[in-house]
1. What's the local net charge at HIS37, with K and R +1, D and E -1, over the other residues with C-beta under 11 Å away?
2. What is the packing order of peptides 99-110, 43-54, taking the mean over residues of other C-beta atoms within 10 Å and listing the highest first?
3. Averaging sequence separations of C-alpha pairs under 8 Å and six or more residues apart, then dividing by the length of segment 24-90, give the relative contact order as a whole percent.
4. Which value, in Å to one decimal place, does the Kirkwood hydrodynamic radius take for segment 30-127 when every pair of different Cα atoms is included?
5. Output the peptides 21-27, 34-40 sorted from most to least packed, where packing is the average of other Cβ atoms within 10 Å over each peptide's residues.
6. Can you pull the percent of the chain's accessible area that's carbon plus sulfur, 1.4 Å probe, other chains left in place?
7. For the chain, what is the mean residue ellipticity at 222 nm derived from helices alone (per DSSP H run of n ≥ 4: -39500 (n - 2.57); sum divided by total residues; nearest 500 deg cm²/dmol)?
8. Count charges around GLU24 for me, please; just the other residues with Cβ under 13 Å from its Cβ, Lys/Arg as +1, Asp/Glu as -1.
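The values are calculated or read from the model by the stated rules, or taken from the named source; none is laboratory data. This is a predicted model, so every value here is computed, not measured. With ideal geometry, Cβ positions are generated from the backbone for all residues, glycine too; neighbour counts draw on all protein chains shown. Calculation scope for accessible area: heavy atoms of the full protein, side chains included, ligands and nucleic acids excluded. Shrake-Rupley method; radii C 1.70, N 1.55, O 1.52, S 1.80 Å.
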Amino acid sequence: MNRVLTITAIFLLLFTGCSSDTPEPEECALCDAFPRHAPCLVDLNTGELRELEIYQPHHTKVAELSDEQYGGYMSLVQFGDISGILLGADRVELKAPAKATGMQDGLFCNDCRKMLKDNKCQGYILADLCNPSTPTVWQIKDGTSFSVRCYEIDITASDDREKLTIFMKGTLGVN
């Protein structure tokens with residue numbers, strides 16, 4: 001009789017307690033994010049994100065740009081293993097590892113998790129979160145090139161293929 005109870009308990013644990021489906025988080029790192037105008041770097045292992053904000057944001061409107069823009073400043077960008085410079089109202093130039101891996105499923109809802117896996121995303125991504133309920137994502141890999149709103153993005157590999165250069169150019173023409 002004890003053997004039957006033990007086997008029954010094992011089967012219950014296997015079929016209910018050891019499910020391979022990752023539960024959805026209370027907040028998804030992508031579709032529950034605050035809206036952003038510029039493309040964002042997203043660390044798929046931590047859920048952290050960094051907007052690549054080369055233009056001044058509007059002071060009252062979410063995910064909009066200020067009517068007045070100015071350039072002529074530089075700031076350093078450090079985001080996990082990615083680093084580089086941001087030149088205000090002009091461009092961002094970053095170096096990223098070519099072999100970033102991993103993704104913590106528990107940081108993303110089922111829909112975002114599926115989108116990331118369908119796009120073979122690992123390590124870091126670029127995301128358009130202007131409308132976070134329908135995010136768009138891009139792999140950070142050699143040959144990726146796209147435009148979104150007033151930004152043009154190109155990703156190329158270094159000569160030794162160890163690093164990737166992420167180059168984002170603003171197209172508003174602000175000086």
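1. Local charge sum for HIS37: -1.
2. 43-54, 99-110
3. Here the relative contact order equals 23 percent.
4. Radius from the Kirkwood sum: 14.7 Å.
5. Result, highest mean first: 34-40, 21-27.
6. Roughly 51 percent of what the probe reaches on the chain is carbon or sulfur.
7. -3500 deg cm²/dmol
8. With Lys, Arg at +1 and Asp, Glu at -1, the neighbours total -4.
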